2 protein chains.
Amino acid sequence: MEIPVVRNVLEANDRMAARLRDEFKRCGVLTLNLISSPGSGKTSLLERTLRDLGTEFRMAVIEGDPQTDNDARRVAATGAVAVQINTDGGCHLDSNMILAALENLELEQLDILFIENVGNLVCPVEFDCGEDAKIALLSVTEGDDKPEKYPQLFRLAKALILNKTDLLPYVDFDVESAARGACTLNPDLAIFQISCRDGHGLENWYAWLREAVRLKKADA
Amino acid sequence: MEIPVVRNVLEANDRMAARLRDEFKRCGVLTLNLISSPGSGKTSLLERTLRDLGTEFRMAVIEGDPQTDNDARRVAATGAVAVQINTDGGCHLDSNMILAALENLELEQLDILFIENVGNLVCPVEFDCGEDAKIALLSVTEGDDKPEKYPQLFRLAKALILNKTDLLPYVDFDVESAARGACTLNPDLAIFQISCRDGHGLENWYAWLREAVRLKKADA
C-alpha cells in the first residue's frame, strides 16, 4: 500500500509560486519581496518610496508580521493600498498567504506590488512568493559580517539596501567589508547605501525601481 | 497497519530538552539561551560578560550561526571555552545540537553555560534547549514596537536586555513604550538597559547573573 504524503512543503509552495508569477506577469506588475532582520527599516523604506513615487507609480503593499497591523497602518497612511497578513507566530510568508492577500488587491491596477516579509534573515528566503526579485535590507547597526553569516539571502537577492547610513558615525560598520562579503556571494548584486531618515541615496534606489518597472512592462 | 510517524518535531525536542535540563541541574550549571534578531549584540554582551566576570565564574558558550565560526572566535578571544554550531542555513538551535556540542564541554567544571542562538526573533523561541531561562535582547535601533509584533519571545523570556543605549540620541526609540509592551506580555520580566559599547548598565545585568547562579547552586 502506498501512502501519499506531501513530502516537501517547499515543492508545494514552489508550484503555487509559479502560478502567482504567471499572474504577476500577465498583469505586468513588478513584485518585490523585501527581506531583512526585524527593525532593519523595511516599513520605513516603503513609507519613503510610496510617498516619493506615489504620483509616478500605482503601488500596493502586502505586510507580513507575526502580530499587529501596525505596519499596514503606517503604509496606508501614505495613501497606498495595504493588506496585512498576521502569521500568528509564523516565521515567513508563503505563496498561499500571498494568494489569499491578492483577493484584496486589483493587480491590473498596479505597477508595483511590494511584499514586506516577516522580519527574519533565514526562513523567508526559502519560500518563493512568485516575486520578480528578493530585496535584502541590512541596517548598518546590525554588523558588517551578516552577509557571511547568513549567506542565502544575499546569494539570491537582486538588490541589497544598506539602510540607516546616518548612524555610520556611531557604529563599527565597514561598508566596504559588508559589500565585499555580499558581492563574493553574488557578483551581480546591486547595492544601495541609503538613509530613510535623511533621504540619502534614495534616488539611486528609485532609479533602479524605474528601470525594473520598465523591463516588467516590456515583458508583460 | 499502523504507521509510526514522529508527528511532532517539537515533542521530540521537548523530550531531549528535559534530559538536558536534568543534566544541567545535576551539574549545577546555570544555562541561559540568548535570543534576538541578528545584530542585536548577543556576542558583544557575551564578550563583555566573559571578560568582566571571568575571574568570578567559570563560563562557556555554545554559538549558533547559519555559517562561519566568527562568533566562537570572538568569544574564545576572551579566554572562555567556545563551541560553534553551524546550522548550515537552519534558523534555530535545538536540543540535539546542544547535546552534540556538550561533547566538547565539561559541565561539572562550569558555573554558567551561555547558548547564543541563531539571530532570529521567531523560530528559536519554539525550541527548548534545556535552559534555565531565555534571555531576550533588543537593540534600540530595531524599534520599540518589537515586543508587540513578535510577542512570543517576550512572553517566555526571564530577562530583556535593551542594548545599544548609546545610540538612543540618534534613533526614534521610546524605552518606556518598549518596556510597557514587553511587561504587558510578561509582568515578571526583568529589564536591563545597557550599552556594550560604553558599559552603561552592565552592573545590573551582572547582579542578576550572580543571583541566578546562587539560586542554581542552591537547587543543585
For the stretch A:9-219: lysine pairs under 22 Å (alpha-carbon distance), excluding those fewer than 8 apart on one chain = 21
Here the cysteines of the protein assembly as shown lacking a cysteine partner under 4.7 Å (Cβ to Cβ) are A:Cys27, A:Cys129, A:Cys183, A:Cys196, B:Cys27, B:Cys129, B:Cys183, B:Cys196
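Of the listed peptides B:158-165, A:213-220, B:75-82, what is their order by residue-averaged count of other C-beta atoms within 10 Å, with the highest listed first?
Numbers: B:158-165: 23.5, A:213-220: 12.9, B:75-82: 18.4.
Top to bottom by mean Cβ count within 10 Å: B:158-165, B:75-82, A:213-220.
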Taking the Cα centre of chain B as the origin, how large is its charge dipole in debye, to the nearest 20, when only Lys and Arg (+1) and Asp and Glu (-1) carry charge on their Cβ atoms?
-> 360
Under a 5 Å amide H to amide H cut-off, with H placed in plane at 1.01 Å, what residues pair with B:Gln84 once short-range neighbours are removed?
-> B:Glu63
Once the Cβ-Cβ distance between B:Ala220 and B:Asp88 is put in as r, and R0 is 35 Å, what FRET efficiency do you end up with, to the nearest 0.05?
-> 0.50
Could you state the number of Å between the C-alpha centres of the stretch A:190-220 and the stretch A:151-182?
-> 16
Cα atoms only, the stretch B:80-129: Rg and Dmax in Å?
-> 11.4, 32
Would you please calculate the Kirkwood hydrodynamic radius of the protein assembly as shown over all C-alpha pairs and express it in Å, rounded to one decimal?
-> 22.7
On a C-alpha basis, how far is the centre of the stretch B:18-93 from the centre of the stretch A:74-146 in Å? Whole number, if you could?
-> 32
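When you look at the Cβ of every residue in A:59-67, what mean number of other chain Cβ atoms sits within 10 Å? Display every interim value, and only then the final one.
Details: counts 0, 0, 0, 0, 0, 0, 4, 8, 6.
Neighbouring Cβ atoms belonging to other protein chains average 2 per residue here.
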Top positive-direction residue, dipole computed over chain B with Cβ charges, set B:Thr43, B:Ala218, B:Leu137 = B:Ala218
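Hey, could you grab the Kirkwood Rh for the stretch B:10-219? Inverse mean 1/r over distinct alpha carbon pairs, Å, one decimal.
Details: mean 1/r = 0.0585 Å⁻¹.
When all Cα pairs of the stretch B:10-219 are included, the Kirkwood radius is 17.1 Å.
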Dipole magnitude (debye, nearest 20) for the protein assembly as shown, charges at Cβ of Lys, Arg, Asp, Glu = 120
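At 0.36 nm per residue, minus the direct Cα-Cα distance, what do A:Leu10 and A:Gln152 gain on full extension? Give it in nm, one decimal, please. Walk me through the numbers before you get to the answer.
Numbers: separation 142, 0.36 × 142 = 51.12 nm, distance 1.56 nm.
Full-extension gain reported as 49.6 nm.
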Spin-label point model (7 Å from Cα, Cβ direction): what's the B:Arg180 to A:Glu108 distance in nm?
-> 4.7
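Could you tally the net charge around A:Ala17, taking each other residue with its Cβ under 9 Å from the Cβ of A:Ala17, Lys/Arg +1 and Asp/Glu -1?
Working: positive: A:Arg15, A:Arg19, A:Arg21; negative: A:Asp14, A:Asp94, A:Asp128, A:Glu131.
Spelling it out: positives minus negatives among the neighbours equals -1.
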Taking each label point as 7 Å beyond Cα in the direction of the beta carbon, state the distances from A:Glu211 to the same residue in the other copies, shortest first, in nm.
-> 5.8
Provide the net charge surrounding A:Gly201, with neighbours chosen by a C-beta distance below 12 Å and charges set as Lys +1, Arg +1, Asp -1, Glu -1.
-> 0
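Report the percentage of all Cα-Cα pairs in the stretch A:125-187 whose separation exceeds 15 Å, rounded to a whole percent. All intermediate terms of the calculation are to be shown ahead of the outcome.
Details: 926 of 1953 pairs.
Taking all Cα-Cα pairs of the stretch A:125-187, the fraction more than 15 Å apart is 47 percent.
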Classify the stretch B:34-146: rounded, prolate or oblate, from the alpha-carbon gyration tensor (a ≥ b ≥ c, eigenvalue square roots; a/c under 1.5 rounded; otherwise prolate if a/b is larger than b/c)?
-> oblate
10 Å Cβ neighbours from other chains, averaged over peptide A:172-184 | 0
Electrostatic dipole magnitude of the stretch B:146-209 [Cβ: Lys, Arg +1; Asp, Glu -1; Cα centre; debye, to 20] | 280
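Only the coordinates and a few stated rules stand behind these numbers; no lab work does. Everything numeric here is computed off the predicted structure, so don't read it as measured data. Counting neighbours? That spans all protein chains shown, and the Cβs are built from the backbone with ideal geometry, glycine included.
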